[in-house]
Amino acid sequence: MEHRDRGHLEDEKQVTGFISSLKVCESTERVRGMLVTINAYIAAMKSQRQWYNTIMIQGLIGITRHYRSNPKVDFKKLKPMILKRIENRAKYYPVKDMIPVAYDVVRSRSLLIQGVSTLLQVIPIWSCKFCQEVYIGEKGHAIKTCHGYKRHSKNKLHEWIKGGLNDILVPVNTFHLKTMFQDVIKHDERFDYNRIPAVLELAIQAGADFNPEDISGNNFESLDTESLSPNDLRVISEGTLRAWEVVRSGVQKLMMIYTAKVCMYCSEVHVGPSGHKARMCGVFKYEKWRGGHMWKKAEVDDLVPEKIVWFRRSQDPVVLQDKWRSFYGHAPAVVDLCTKGGAVAPTKYYCMMKLQGLSADVTFKPRPHS
């Protein structure tokens, strides 16, 4: 209200100054008409400000008088009612229509891990020793995108080593809650809760009944690839790619009902109505040890990362070169792995993969001058 009054006073000062400059030319009829209009405008502003102040003061007095004189409003009795209503939210969960989706996500996740483990025995995968770069192929690429350990360098060649399952399916773990609407986990209670994959925690809160310790790890038995024919390998690749799409679409459906949080400054994920208070971020330097997380709404990529890699097409050279990097495409690591096993990639990845793009060794002929 004070800000609005100050604005009206400034307008009145400007108009008053303008009137004083016009009084020199009061001889003409046009200027006299302008003065009458401006004076009417000033009177309207004053009446409007007085009306606004009266309404605001009366409203504030009325609100204060209502809460002071109304004996029915007792905040000591109102607080337990609010807390009880929050606790009663649990009876609306889990949503029955989402329980089959949760089981499909758990089942498809097991098939996905088993299929990727089998394909890794046939298709080589490379991981950089100093960064998180991954490449799927006979040899590592020569694109200078390595930033070194803790990003101490820039635009360096990668030093490739043999990769594994966690390089394709990035593990994302979270706290396993006892109940969905339990109290917020404090920093001193962080060791009282187990850490399980975030996808399984989301499925448990959605109504899937299973023991997370039995399937929480990635230690699934892979098939014997020595007796597999190329047709069998293609079938495994197609099933693995289908399981990948079911997991991502199922997680997206579950996150429309059940909330998940991710830290704005690190990759910590929490599945539940609110984030935990364990100080594990380590971003704020002024903290004595580590800082608290800054939570925001999580997306599907936070729980099931795609892990984008360079994609080698049939028209590309065996080793991708740095000078032709703008010609090459990208693809999620699971999609690239399955396509090299014989599966056909979904059409939604074609733009990213640049399947119909030009090859790097194409020769451009200059246009003849006319």
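Remark: pairs (first residue in segment 146-166, without any contact (Cβ under 8 Å) to a residue 60 or more places away in the chain and of a type in the set (Ser, Thr, Tyr); second residue part of a strand (DSSP E or B) and open to solvent by 60 Å² or more (accessible area, probe 1.4 Å); Cβ separation under 6 Å; 6+ apart in sequence or on different chains) are absent.
Contact map, segment 323-351: first residue part of a helix (DSSP H, G or I), second residue aromatic (Phe, Trp, Tyr) and surrounded by fewer than 21 Cβ atoms within 10 Å (Cβ to Cβ), Cβ cut-off under 8 Å, separation 6 or more or different chains; pairs are 335/349. The residue that is modelled with the highest pLDDT, counting only those in segment 283-300 that are in a loop (DSSP other than H, G, I, E, B) and open to solvent by 90 Å² or more (accessible area, probe 1.4 Å), is 299. A single member of 113, 123, 161 is within 30 Å of residue 325 (Cα to Cα), at pLDDT 90 or above, aliphatic (A, V, I, L, M) and in contact with a helix residue (DSSP H, G or I) (Cβ under 9 Å, 6 or more places away or on another chain), and it is 123.
Considering (1) modelled with pLDDT of 85 or more; (2) surrounded by 12 or more Cβ atoms within 10 Å (Cβ to Cβ); (3) in a loop (DSSP other than H, G, I, E, B), the lone condition that residue 203 does not fulfil carries the number (3).
Quick check on segment 301-310. Is at least one of its residues over 22 Å from the mean Cα position of the chain (by Cα) and either farther than 30 Å from residue 185 by Cα or outside any strand (DSSP E or B) (or both)? Yes, that holds for at least one residue. Within segment 232-282, can you find the residues that are over 16 Å from the mean Cα position of the chain (by Cα), of a type in the set (Val, Ile, Thr), farther than 15 Å from residue 206 by Cα and surrounded by 19 or more Cβ atoms within 10 Å (Cβ to Cβ)? Those that are over 16 Å from the mean Cα position of the chain (by Cα), of a type in the set (Val, Ile, Thr), farther than 15 Å from residue 206 by Cα and surrounded by 19 or more Cβ atoms within 10 Å (Cβ to Cβ): 236, 240. Listed by first and then second residue, the pairs linking a residue in segment 81-107 that is in contact (Cβ under 8 Å) with a residue 60 or more places away in the chain to a residue that is open to solvent by 70 Å² or more (accessible area, probe 1.4 Å) and assigned to a helix (DSSP H, G or I), with Cβ atoms under 7 Å apart and 6 or more places separating them unless they lie on different chains, are 101/253.
The values are calculated or read from the model by the stated rules, or taken from the named source; none is laboratory data. Keep in mind it's a predicted model, so treat the numbers as computed, not measured. Cβ sites come from the backbone with ideal geometry, for glycine too, and all protein chains shown count toward neighbours. When the accessible area is computed, the model is the full protein with side chains, heavy atoms only, and any ligands, DNA or RNA have been set aside. Shrake-Rupley method; radii C 1.70, N 1.55, O 1.52, S 1.80 Å.
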